[in-house]
Amino acid sequence: MYKNLFLTLFKWIFFGVIIGLIIGSTTALLLHTNDFLGETRKDNSWLILCLPIAGLVLGYIYMNLGTSAGTELYKGNNLVIEGVHGKTKILRRLGPIVYLGTFMTVLFGGSTGREGAAIQMGGSVAEAVNRFFKVNVMDTKILLMSGISAGFGTAFGTPITGAIFGMEMVTLGKMKYEALVPCLVSSFVGHYTAEKVWGTQHETFIIQSVPELSLMSFAKVILLAILFSLVSVLYSQLRHGIQKVSEIYTKKNHALRAFIGGMIIVALTFIVGSYDYNGRSLDMLEESFKQDVPPYAFLTKLVFTAVTLGTGFVGGEAIPLFFIGATLGNTLYHLIDFPMSFLAALGMIATFCRGTNTPIAAFLLGIEMFDGQGIEFFFVACLTSYLFSGHHGLWPSQMIYEPKSRLYKIANGKTIKDVEQKKRNGC
């Protein structure tokens with residue numbers, strides 16, 4: 001009995017270390033390259049004019065290299081989720097292609113993040129490990145989750161959050177605790193590989209002060225969490241709507257979709273008269289904790305990101321959600337008697353929680369990012385945001401093991417896509 005236990009434990013640690021080392025290194029490459037490309041774009045604002053051409057190239061790559069035996073790399077994180085559920089096969093070239101696509105999107109001014117590329121690289125590396133060691137089907141799913149954990153934990157410098165995120169992301173209402181050891185090991189190894197070996201530095205966000213604990217403060221936090229969750233629903237619905245419409249009118253010609261999307265982003269950039277909403281927009285995100293930002297910033301970023309990713313460019317959605325939530329919190333500072341930095345932090349976490357449907361990971365993210373400040377408020381905000389957002393999300397492939405409430409009357413085993421399709425059909 002103990003022999004089998006130790007052998008199993010050794011196996012998961014072994015695989016976790018391998019995946020963590022590889023993902024830690026590749027994610028460090030992603031972060032350093034994105035920083036370089038972001039600075040290059042800021043120093044050469046004319047590069048935004050090349051975004052439509054970049055869209056043509058990116059679409060051509062995905063149309064010719066991104067499809068195999070019914071597997072479409074354009075599904076992004078949804079593809080990794082489907083791989084965990086055994087519905088599709090992860091292509092090993094997913095990681096390199098999504099990295100190239102993210103670099104192109106960042107360099108030429110599309111609005112995107114980074115965790116999508118890290119997660120998909122994690123799935124790609126995990127699949128390569130699976131095939132090399134000829135891992136059985138059940139263990140394959142667990143290693144894919146550990147790839148997700150390594151990618152997310154390394155991308156944001158939050159290894160505890162990464163460990164839980166890999167297990168929580170794929171299914172609403174259930175976590176596969178059998179994957180805890182490889183997810184934990186891969187996330188920590190990936191994080192420290194990037195930080196200690198490759199010198200990766202992450203953004204820091206500081207809460208200057210936290211409101212006093214009181215019934216009134218909690219009531220305000222609950223109301224704010226509901227508002228943040230609704231804005232996040234607006235983003236995901238707009239992003240999916242743009243994707244659906246653009247696919248219909250271009251007949252899934254991804255090159256044409258991305259070209260049109262690039263043209264729209266160029267036009268929006270000149271209409272707004274600012275480059276603050278192109279790329280990752282980290283400067284304004286950090287400013288939202290310290291000083292006033294434009295009151296329309298959250299809505300502008302919401303539209304920029306929905307158009308960018310909805311028309312076929314690639315990258316992550318966590319940082320745009322951080323931006324949307326933080327800048328909305330900043331805007332509410334003049335209406336709500338809370339510290340500015342606290343409102344920005346609360347918006348970040350609540351908006352992210354709703355978008356990803358991962359309340360535990362989002363809560364842990366708040367703890368790791370803000371050194372445990374306001375822990376009680378973040379816990380309440382995450383639960384509220386999760387419950388009040390319904391069954392919407394960034395990733396339609398997320399499976400609903402248990403609905404958020406029996407009042408929703410959703411059968412177990414459905415996906416978010418199934419639920420939304422049922423609503424559209426009026427059932």
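Some points to look at:
- log10 of Debye I(q)/I(0), alpha-carbon scatterers only, for the chain at 0.11 Å⁻¹: -0.78
- The equivalent ellipsoid that matches the C-alpha gyration tensor of the stretch 346-414 spans semi-axes of 24, 12, 9 angstrom, in descending order.
- Percent breakdown of C-alpha pair distances by 5 Å bin, ordered from the shortest bin, for the stretch 213-314: 2, 12, 17, 18, 18, 13, 8, 5, 4, 2, 1
- FRET efficiency, 1/(1 + (r/R0)^6) with R0 25 Å, evaluated for Lys87 and Ile13 via beta carbons: 0.30
- Average projection area in nm² (convex hull over Cα atoms of the stretch 1-144, one quarter of hull surface): 9.3 nm²
- Expressed as a fraction of 2.2 N^0.38 Å, the value expected for a compact globular protein of N residues, the C-alpha radius of gyration of the stretch 163-211 is 1.55.
- Euclidean distance between Cα centres, the stretch 279-323 to the stretch 7-47, Å: 21 Å
- Charge dipole of the stretch 275-367 (Cα centre as origin; +1 on each Lys and Arg Cβ, -1 on each Asp and Glu Cβ, all else neutral): 240 debye, rounded to the nearest 20.
- Accessible-area composition of the stretch 255-298, carbon plus sulfur, in percent [1.4 Å probe]: 64 percent
- Solvent exposure of the chain amounts to 41 Å² per residue of accessible area, where only protein heavy atoms count and the probe is 1.4 Å.
- Positive-end residue of Val80, Met348, Met216, charge dipole of the chain with Cβ unit charges: Val80
- Mean separation of Cα contacts under 8 Å, 6 or more apart, over the residue count of the stretch 1-104: relative contact order %: 22 percent
- The candidates Met348, Met121, arranged from most to least accessible area with a 1.4 Å probe in the full protein assembly, appear as Met121, Met348.
- Sequence-distant contacts, meaning Cα pairs under 8 Å at least 6 residues apart, place the relative contact order of the chain at 21 percent.
- Fluctuation leader among Arg257, Arg41, Arg131 - the chain, Gaussian network, Cα springs under 10 angstrom: Arg131
- Taking all protein chains together and a 1.4 Å probe, the residues Met369, Met216 rank Met216, Met369 from largest to smallest accessible area.
- The stretch 28-91: translational diffusion in µm²/s, Stokes-Einstein, Kirkwood Rh over Cα pairs, 20 °C, 1.002 mPa s: 152 µm²/s
- Dipole magnitude for the stretch 1-109: computed about the Cα centre from +1 point charges on Lys and Arg Cβ and -1 point charges on Asp and Glu Cβ, it is near 480 debye.
- Base-10 log of normalised Debye intensity for the stretch 284-336 (one unit scatterer per alpha-carbon) at q = 0.14, 0.23 Å⁻¹: -0.36, -0.80
- Across the options Asn412, Phe377, Thr305, the greatest Cα extent toward the positive end of the charge dipole of the stretch 270-427 (unit charges at beta carbon of Lys, Arg, Asp, Glu) belongs to Asn412.
- Applied to the stretch 379-388, the Karplus parametrisation 6.51 cos²θ - 1.76 cosθ + 1.60 on θ = phi - 60° returns per-residue 3J(HN,Hα) values of 4, 5, 5, 5, 5, 5, 4, 5, 6, 8 Hz, with x for Gly and Pro.
- Straight-line cross-link partners of Lys244 among the lysines, defined as a Cα under 28 Å from its Cα and at least 8 positions apart when in the same chain: Lys75, Lys87, Lys89, Lys252, Lys301, Lys404, Lys409, Lys414, Lys417, Lys422, Lys423.
- Label point distance in nm, Leu65-Leu213, each placed 7 Å from Cα along Cα→Cβ: 5.4 nm
- Ligands, DNA and RNA left out, the 1.4 Å accessible surface of the stretch 16-120 is 65% carbon and sulfur atoms.
- Top of Gly86, Gly325, Gly190 by mean-square fluctuation, Gaussian network on the chain, Cα under 10 Å: Gly86
- Charge tally in the Cβ shell below 12 Å around Ser246, where Lys, Arg are +1 and Asp, Glu are -1, Ser246 excluded: +4
- Residue among Asn78, Asn357, Asn64 with the largest mean-square fluctuation in a Gaussian network model of the chain, springs linking Cα atoms under 10 Å: Asn64
- The charge dipole of the chain, taken about its Cα centre with unit charges on the Cβ of Lys, Arg, Asp and Glu (plus for the first two, minus for the last two), comes to roughly 1820 debye.
- Neighbourhood net charge (11 Å Cβ-Cβ; Lys/Arg +1, Asp/Glu -1) for Ala361: -2
- Helix-only [θ]222 nm of the chain, DSSP H runs n ≥ 4, -39500 (n - 2.57) each, per residue, nearest 500: -22000 deg cm²/dmol
- Here the Karplus relation 6.51 cos²θ - 1.76 cosθ + 1.60, evaluated at θ = phi - 60°, turns the backbone of the stretch 221-235 into coupling constants of 4, 4, 5, 5, 4, 5, 4, 4, 5, 5, 5, 5, 4, 4, 4 Hz, with x for every Gly and Pro.
- Mean separation of Cα contacts under 8 Å, 6 or more apart, over the residue count of the stretch 277-365: relative contact order %: 30 percent
- Residue-level accessible surface for Cys183, protein heavy atoms, 1.4 Å, Å²: 0 Å²
- Positive-end extreme of charge dipole, the chain - chosen from Gln398, Val293, Gly316 (charges on Cβ): Gln398
- Projecting label points 7 angstrom from Cα along Cα→Cβ for Lys176 and Ser274 puts them 4.3 nm apart.
The values are calculated or read from the model by the stated rules, or taken from the named source; none is laboratory data. Quantities reported herein were computed from a predicted structural model and do not represent experimental measurements. All Cβ positions, glycine included, derive from the backbone under ideal geometry; neighbour counts span all protein chains shown. Accessible surface is based on the protein model in full, side chains and every heavy atom, while ligands, DNA and RNA are left aside. Shrake-Rupley method; radii C 1.70, N 1.55, O 1.52, S 1.80 Å.
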